[in-house]
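Contents: one structure, followed by commentary.
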Amino acid sequence: VLYVDWEFEAPDHRVRLGRLFGTHLPQITYMRCRGSLFESARQLARTISERRIDFLICDSIGAAAEAPNYSLNDSATANLYYNAIAMIAPERGSLHSAHVSRAGLEHPSHEIPKKPFGSGFWSFRARSSWYIKRIDDSRNPLHCSLHHTKNSTGQEQDTFGLTVEFQTGRTLITPMDLPAPLTPATKIPLVDQIRTCIVTQPLSYSEIGAVLGKTSETIRTTVRRHEQYFRVVLCEDGIQRVGPNLETTH
């Protein structure tokens, strides 16, 4: 494993690694980059070949892809980034983190975002992607929910929770039960999940999606396919809301 870092320094990560694994440290090669991924490509490719690296971790995309005349919101930047990784680490697996503003991504619909930056190509060309968010204001431990937003090679995994607790000399990461609205009922058909959501009051597509961890377009499509169960009303505020069709509700 090669950990390529654009943000911290080697001593910082050594401390973090020790807090997570104690004396049983995994074998990880570390590389600190000062320039962009595009500027460091030759050095990275040489390190991967010489060290016989099987898996690459890049932390993080925002710093790695930052270069003059490139914008993270452009599809050209996303494609250039993925093409560079393919040339640097051919036939290797890789993990890429993106640190983004939760408020900027989720406002105003509070949907789980499918892409870290403006261009959809950051998502289109990823094989698998996760969105990790804090679910409350707790500082220690942190309470996080993990949402699998894409899987090109299989079924998306269920949303689950983790706590991250910072103790003296170590960091503990443990499973956590999520509040009911954040836990998708994956074994229940989506149409029935939607019907449950709107029992007490009509909701917009985005509001239903936020509860179920789905996009508003997915909710809209499901409602159209099963229109016999729903009544869509255009409210005074200009927003369409979905309520139950009382004629077919039992």
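The values are calculated or read from the model by the stated rules, or taken from the named source; none is laboratory data. Owing to the predicted nature of the structure, the values given are computational and were not obtained by experimental measurement. Note that each Cβ is placed from the backbone with ideal geometry, even for glycine, and that neighbours are counted across all protein chains shown. Calculation scope for accessible area: heavy atoms of the full protein, side chains included, ligands and nucleic acids excluded. Shrake-Rupley method; radii C 1.70, N 1.55, O 1.52, S 1.80 Å.
Observations on the model:
- Label-point separation, I173 to F8 (7 Å along Cα→Cβ), nm: 1.1 nm
- For the range 108-226, alpha-carbon Rg relative to the globular expectation (2.2 N^0.38 Å, N residues): 1.18
- Apportionment of accessible area to carbon and sulfur, the chain, percent (1.4 Å): 52 percent
- In Å, descending, principal axis extents of the Cα set of the range 22-142: 47, 43, 26
- The P(r) of the chain has a tail past 35 Å containing 28 percent of all C-alpha pairs.
- Trypsin sites (Lys or Arg not before Pro) within the range 15-98, DSSP loop, no more than 12 other Cβ atoms inside 10 Å: R34, R51, R52
- Solvent-accessible surface of the chain, averaged per residue with a 1.4 angstrom probe and all protein chains in place: 62 square angstrom.
- Centroid-to-centroid, using Cα positions, the range 119-141 and the range 1-44 are 21 Å apart.
- Among 116-125, 203-212, the peptide with the highest mean count of other Cβ atoms within 10 Å heads the list, and the full ranking is 203-212, 116-125.
- The heavy atoms of M87 offer some 150 square angstrom of accessible surface to a 1.4 angstrom probe.
- Taking the Cα atoms of the range 156-227, the ratio Rg/Rh between the radius of gyration and the Kirkwood radius comes to 1.15.
- Cross-link reach list, aspartates and glutamates versus K114, counting only Cα pairs under 20 Å and skipping chain neighbours closer than eight places: D59, D74, E106, E156, D158, E207, E217
- From the alpha carbon centroid of the range 192-229 to that of the range 59-93 is 36 Å.
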